[in-house]
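Remarks on the structure that follows.
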Amino acid sequence: MDRKYPRLNLTRSNSGRTGDPMKLGDGVEQAIHSVLVMSGLSETGVLSAAALAEFHGVSPSYLLKHLQAMAGAGLLESVPGPKGGYRLAKAADKITLLDIVLAVEGPEPAFRCAEIRQRGPNPVAQHFFKMPCAVNAAMLKAERAYRAELRKIRVADLAGDSGGALGKAIATRTCAFFDLHERNRSTTTTSKE
């Protein structure tokens, strides 16, 4: 049976079309929102993992895993003890969304080529596989663009969006939360270096 397959052009963009967004784990969203909340802490203030989980309505053990990963990546500082918790290890304008994604998801690309083009019955000759897989090349190019965009967005850029009714409502909620849950609060606020 003779079949014709349409020619695939993996380098041409489909401008104007929107596809499904890249799927990241729930931990990325939780981590970004937690960092945003912590960006409003006083200089010495900390929040417990349990308090952050309560604020976001998420599993404390799942969030804790991501807070620990961000502390390990140098984004958060973990303060031990009964009055301990987490706070930013650097200023919010020094932490990018890419930093958070890499801390939570790891540095590996989202797409991992398994070279399935070499599998199945009647594969083509091995010498054809010396060239990189076009699918892998296209996906890695997209990953580089995605990471470049995340690298441009800093936590401070997102934290500064307090205009309008929604921004004011979020600020009110967060301030009330800090009044109940912020530990080791300082009376003066200075910016982190």
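The values are calculated or read from the model by the stated rules, or taken from the named source; none is laboratory data. Given the structure is predicted, the values throughout are model-derived calculations rather than measurements. No Cβ is skipped: glycine too gets one built from the backbone with ideal geometry, and neighbour counts run over all protein chains shown.
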For the stretch 141-157, state whether one or more residues are more than 27 Å from R87 (Cα to Cα) and either hydrophobic (A, V, I, L, M, F, W, C) or at pLDDT below 85 (or both). yes
Could you tell me how many of the residues in the stretch 93-139 are under 25 Å from H66 (Cα atoms) and surrounded by 11 or more Cβ atoms within 10 Å (Cβ to Cβ)? 16
Being in a helix (DSSP H, G or I) and of a type in the set (G, A, S) is the filter; apply it to the stretch 45-67 and report the residue that is surrounded by the fewest Cβ atoms within 10 Å (Cβ to Cβ). S61
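Could you identify the single residue in G16, G74, G25 that is loosely packed, with under 14 Cβ neighbours inside 10 Å, over 24 Å from T172 (Cβ atoms), at pLDDT below 85 and within 16 Å of the chain's Cα centre (by Cα)?
Values: G16 fails: within 16 Å of the chain's Cα centre (by Cα); G74 fails: at pLDDT below 85.
The unique qualifying residue is G25.
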